[in-house]
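The values are calculated or read from the model by the stated rules, or taken from the named source; none is laboratory data. In this text, all values refer to a predicted model and were calculated from it rather than measured experimentally. Here Cβ is always computed from backbone atoms with ideal geometry, including for glycine, and neighbour counts include all displayed protein chains.
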């Protein structure tokens, strides 16, 4: 998911030029490093909140 989103944002912001590949890979690396911990910690937190709210 982070790869697809970073690709779209690099195309919008940079366009296809000589800097595109570097911009895309940099954006993807940052996006992946941010999204990976969130995918591990947010779902259990939401489950605990839902159990407390009994939804």
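If I filter the range 9-19 down to residues being surrounded by 12 or more Cβ atoms within 10 Å (Cβ to Cβ) and either in contact (Cβ under 8 Å) with a residue 24 or more places away in the chain or part of a helix (DSSP H, G or I) (or both), which single residue comes out as nearest to the chain's Cα centre (by Cα)?
Selected residue: 9.
Cβ-Cβ distance below 7 Å, separation of 6 or more or different chains: which pairs start in the range 35-55 with a residue that is under 16 Å from residue 1 (Cα atoms) and end on one that is in a helix (DSSP H, G or I)?
From residues that are under 16 Å from residue 1 (Cα atoms), the pairs are 35/2.
I need a count of the residues in the range 20-55 that are more than 18 Å from the chain's Cα centre (by Cα) and surrounded by 12 or more Cβ atoms within 10 Å (Cβ to Cβ).
1
Given the criteria surrounded by 13 or more Cβ atoms within 10 Å (Cβ to Cβ) and at pLDDT below 90, does residue 5 qualify?
So residue 5 passes the test.
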